[in-house]
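The structure appears right after this line, and notes come after that.
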Amino acid sequence: MSRQSIPVSRLGSDHSHLIDTPLPDLMARARDIRDAHHGSRITFSPKVFIPLTMLCRDTCGYCTFAQPPARLESPYLSPDEVLAIAKRGATMGCHEALFTLGEAPEERYTVARDWLDAHGYTSTVDYLVAMARLVLDETGLLPHANAGALDRDDLARLRTVSPSQGMMIESLRGDLACHRGAPDKTPERRLATLEIAGELKIPFTTGILVGIGESRADRIDALVAIADAHRRHGHVQEVIVQNFLPKPRTGMQHEAPCPQDEFLWSIAAARVILPPDIHLQAPPNLSDDFGVLLDAGIDDWGGVSPVTADHVNPERPWPDLDRLRDVSESRGMNLAPRLTVYPEFVTGENSLSLETGKSHDPASTWIDAGLKFTVLDRCDAEGLGRDDPGAVWPEKVTAADVVNDGAEVVLVGHRSTQWYSGANNPPPTLVPSTKSPLKDRRTRVHEIIDVHRAGHELGHDEIVALFRARGREVAAIAEYADELRQRAVGDTVTWVHNRNINYTNVCTFKCKFCGFSKGPLSLNLRGTPYLLTLDDIARRAEEAWNMGATEVTLQGGIHPDFDGDYYLHVTQAVKDAVPDMHVHGFTALEITEGARRNGEDLESYLTKMKNAGLASLPGTAAEILDSRARSILCSDKITADEWLECHRVAHRVGLHSNITIMFGSIEEPTSWAEHMIRTRDLQKETGGFTEFIPLPFVHMASPIYLQRKSRRGPTFRETVLMHAIGRVVYDGLIDNVQVSWVKIGVAGARQLLQAGCNDLGGTLMDENISRAAGANHGQKMSQEGFQAVASPLGRTLVQRSTGYKIIQPS
Ligand code: SF4
């Protein structure tokens, strides 16, 4: 057969040796490349399929999607129909709305032209833009536009409503019989679309169709052309290798299906030819034994819908997610949901720069400014899709009528049902795992656990690798953390009877996560500023003592009128009222500010505080000890070095303290690892930390979330991992890991007690800070409440002092 000349056809010659490479060898090479660049992760996109129009001006010999007008009730789905599908998807926890449609049907069918005219749209793409916008606004699902070969204007318009787009190259042969009636399937049109998408910085999905009459050499040509376009623009996020299956009532219904070996060869060849950062996908529903596709080097299963059929292959249902997970795990791969746009285009080097828009920020380069938050809102810390079960709806808020110490806003409209820190939605059960570990399945996570068990301290990369854990790996880390907990502190679960006294909410600092502070410089201008008098503080301490409290926790905003003596007076007021009360108070910021405002060095100031009765420092104000994250979250606050120095000096003068970490807003696992390593180093130096307290970011009323610049807090998987990995990292150095019930809730706390935690923290009467950020797990906890968390686990609840001495019941 003669070949139509196309500009790239000779580029494949460098890879011509692949044609005769034995399949097992080629697949092994492909797997090695995949493993080296993508590890053991296999992604999928939970999606709904929205077939906006099944009319198409092309007639391809294999296609059952395109229909003539007579077979359709309406040329286009109506906005109500589009929204109904999208809402079903949102309810089921999908992240993607895949818009699939025929190419420019208005060019061929009068009925399509008339429908568009009657509804006020200039073209099919014009209507697609409107429907993608509708879906975004109403459901938050991320559209992926699959609108075929488009010109620059259409691609650019779609970029504003669709974080990624796609068009299959299919084949670069211009003489395929199946494309004879398809003016949009010419190699020139396909390549031009791919090129312009790159110029417009559109994260782009493309691919080849295998078995439609093309040869191996033709496939190599197509893959080389895709690779070259990606090298020019960096925009090809994934390549789909799809196998041809003959379908009834199509021009190719009597052709043979793509042979399995040919399909596997094509996948493996794609992995070898394409730059390794391009993800490789093969659809699981088009193969009976789809596990073998993993052996050929894929790292993505593509879109899988719990709601809609594959409208392009309606006779092939999506595999059930559990089966997809089991098949993936049986081959040592971990399944993770992704967004329509891949993480490299959202986070990559540093998602923190979503705010700054600096040039190294991938999201600013690749995602339209108007879509950045919509993408971020569904992200986990790795830029993948949030993986808690349940719906994610866009959060719409209105000002609260009564603010007082609580959140300034209330949620309106659809309620998300996923677990969030501070919200009442139940968490998924991750610990203990309901699934038995797969025999003989060893991943990097298991190797790291073994290395630690053998006495090796975890380094930065190992900690980050543990934070990437998915599926059964999460349970493996939790089980190991539980083992370490048992060895360190036995089976008791501790709590402390304390009262929070947040003496003022007026603050001169502008921490972007803080919903608590009020005042002229803070981000919250509504709400009631207050400042307790010393008498109020003393009275609250006395009340607490009379109710059995052994500790008061003193924290507040940094009032512009305070000098360093204020904190001394507060301490003295408590001690004068209740001499035996343990004063646990003042963050490193308050201490550092107090010393600075008094013109004293930290050591003399902390010594004075200790002499006045201060007994220990909370670890708050640490937030995240990573300078890049701090520069966004709290740029005017003390630096990470200053936080560490304050605690170093506190330990030196004999004051204990704890380590907190706030996680789930803008940082990535690399920030978490840095935080853990820096605090672990200090603990080795001083031994002054008594516990590790992870504090999941509560997003609902946090200013940075309301300004559309942060995620929605950590996922529950991330929350489990933070506590469990903390137990492992601080093993032998810090015995106590606390779960913050006020942010995580009772059901989550019970799971975390089986993931390395041994302490439930304090009764926290009058907890205001989490509440101001929107948490609604209550303001105080009783001994009975703690008992209800610990008892079902067969663990003994005991009351402790702030310093972890057991308090015997009197
Ligand atoms: S976190 Fe503390 S320092 Fe920052 S604004 Fe809130 S009250 Fe002020």
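For R88 and Q253, FRET efficiency with R0 = 45 Å and r from the beta-carbon atoms, rounded to 0.05?
Numbers: r = 32 Å, r/R0 = 0.71.
That gives a FRET efficiency of 0.90.
With N denoting the number of residues in region 567-654, provide Rg(C-alpha) divided by 2.2 N^0.38 Å, to two decimal places. List each step's numbers first, then the result.
Numbers: Rg = 13.5 Å, N = 88, 2.2 N^0.38 = 12.1 Å.
Scaled against compact globular proteins, the figure is 1.12.
Go ahead and estimate [θ] at 222 nm for the chain from helices alone: -39,500 (n - 2.57) per DSSP H run with n ≥ 4, summed, over the residue count, rounded to 500. Walk me through the numbers on the way to the answer.
On the way: 27 runs with 298 residues, N = 810.
One gets -11000 deg cm²/dmol as the mean residue ellipticity at 222 nm.
Say R0 is 51 Å: what FRET efficiency, to the nearest 0.05, do E199 and R442 get from their beta-carbon distance? Mind dumping the intermediate values first?
Details: r = 44 Å, r/R0 = 0.87.
Efficiency computed from Cβ-Cβ geometry: 0.70.
Could you check the spin-label model distance between E542 and R231? Points 7 Å from the Cα along Cα→Cβ, value in nm.
Output for this residue pair reads 8.1 nm.
Under the rule that a partner needs its Cβ under 4.7 Å from the first Cβ, which Cys of the chain have none?
Here C56, C94, C178, C258, C379, C507, C646, C757 come out as lacking a disulfide-compatible partner, given the Cβ-Cβ threshold of under 4.7 Å.
Leaving out ligands, DNA and RNA, and with a 1.4 Å probe, what % of the accessible surface on the chain is carbon or sulfur? Provide the component values of the computation, followed by the final result.
Values: 14720 of 29040 Å².
Heavy-atom surface of the chain belonging to carbon and sulfur, 1.4 Å probe: 51 percent.
Could you compute the net charge surrounding L430? Neighbours are other residues with a C-beta less than 12 Å from the C-beta of L430; K and R count +1, D and E count -1. Provide the component values of the computation, followed by the final result.
Numbers: positive: K435, R470, R472, R717, R750; negative: D387, D388, E473, E479, E718.
Cβ neighbours under 12 Å give a net charge of 0.
According to a simple spin-label model (label point 7 Å from Cα along Cα-to-Cβ), what is the distance in nm between L321 and T528?
My value for the distance between the label points is 4.4 nm.
Hey, can you grab everything whose amide H is under 5 Å from the amide H of V210? Only 5+ residues off in sequence or another chain; H modelled, so Pro and N-termini drop out.
Here the answer is Q242, N243, F244, since their amide H atoms fall under 5 Å of that of V210.
Multiply the residue gap between D80 and S330 by 0.36 nm, knock off their C-alpha separation, and tell me the result in nm, one decimal place. Working shown, then result.
Values: separation 250, 0.36 × 250 = 90.00 nm, distance 4.18 nm.
85.8 nm is the gain from fully extending D80 to S330.
Which ³J(HN,Hα) values, rounded to whole Hz and listed in residue order, are derived for region 500-512 from phi using the Karplus coefficients 6.51, -1.76 and 1.60 in 6.51 cos²θ - 1.76 cosθ + 1.60 with θ = phi - 60°, glycine and proline given as x?
Once rounded to whole Hz, the list reads 7, 10, 8, 6, 8, 10, 8, 8, 8, 8, 10, 5, 6.
Stretch A130-T639 to full length: gain in nm at 0.36 nm per residue minus the Cα-Cα span? List each step's numbers first, then the result.
On the way: separation 509, 0.36 × 509 = 183.24 nm, distance 4.61 nm.
Roughly 178.6 nm would be gained on extension.
Once fully extended, how much extra length lies between R113 and A156, figured as 0.36 nm per residue of separation less the alpha-carbon to alpha-carbon distance?
Values: separation 43, 0.36 × 43 = 15.48 nm, distance 2.23 nm.
Gain on extension, R113 to A156, equals 13.2 nm.
Give a residue-ordered list of calculated ³J(HN,Hα) values for region 540-549 (Karplus: 6.51 cos²θ - 1.76 cosθ + 1.60, θ = phi - 60°; whole Hz; x for Gly, Pro).
For region 540-549, the Karplus curve yields 5, 5, 5, 4, 4, 4, 5, 8, x, 5 Hz.
Along the charge dipole of region 510-617, pointing to its positive end and built from +1/-1 on Cβ of Lys, Arg, Asp and Glu, which listed residue (L554, T607, T528) has its Cα farthest out?
Farthest along the dipole direction, towards plus: T528.
Convert each backbone phi in region 452-461 into a coupling constant with the Karplus relation 6.51 cos²θ - 1.76 cosθ + 1.60 (shift: θ = phi - 60°), then list the ³J(HN,Hα) values in order as whole Hz, x for Gly and Pro.
Taking θ as phi minus 60°, the curve returns 5, 4, 7, x, 8, 6, 6, x, 3, 5 Hz for region 452-461.
Name the long-range amide H neighbours of D388: under 5 Å, sequence gap of 5 or more, or other chain; modelled H, no Pro or chain starts.
HN-HN under 5 Å from D388: F716.
So what's the convex hull volume per residue for the Cα atoms of the chain, in Å³?
On the way: hull volume 128.5 nm³, N = 810.
In the chain, the Cα convex hull volume per residue is 159 Å³.
With a/c under 1.5 counting as rounded, go ahead and sort region 93-231 into rounded, prolate or oblate using the C-alpha gyration tensor (a ≥ b ≥ c being the square roots of the eigenvalues; past the cut-off, prolate if a/b is larger than b/c, else oblate). List each step's numbers first, then the result.
Values: a/c = 2.12, a/b = 1.41, b/c = 1.50.
Because a/c hits 1.5 or more and a/b fails to exceed b/c, region 93-231 counts as oblate.
Given H placed on each backbone N at 1.01 Å, which residues far from T59 in sequence or on other chains put an amide H within less than 5 Å of it?
G181, A182
Set the Förster distance to 56 Å, then compute FRET efficiency between K396 and D261 from the Cβ-Cβ distance, nearest 0.05.
On the way: r = 53 Å, r/R0 = 0.94.
The calculated FRET efficiency here is 0.60.
Hull surface divided by four, with the convex hull built on the Cα atoms of region 718-768: how many nm²? Working shown, then result.
Working: hull surface 14.9 nm².
About 3.7 nm², averaged over all directions.
The values are calculated or read from the model by the stated rules, or taken from the named source; none is laboratory data. Bear in mind that the values here come from a model prediction, so they are computed numbers and not experimental data. Positions of Cβ are generated from backbone atoms using ideal geometry, with glycine treated the same way; all protein chains shown enter the neighbour counts. Calculation scope for accessible area: heavy atoms of the full protein, side chains included, ligands and nucleic acids excluded. Shrake-Rupley method; radii C 1.70, N 1.55, O 1.52, S 1.80 Å.
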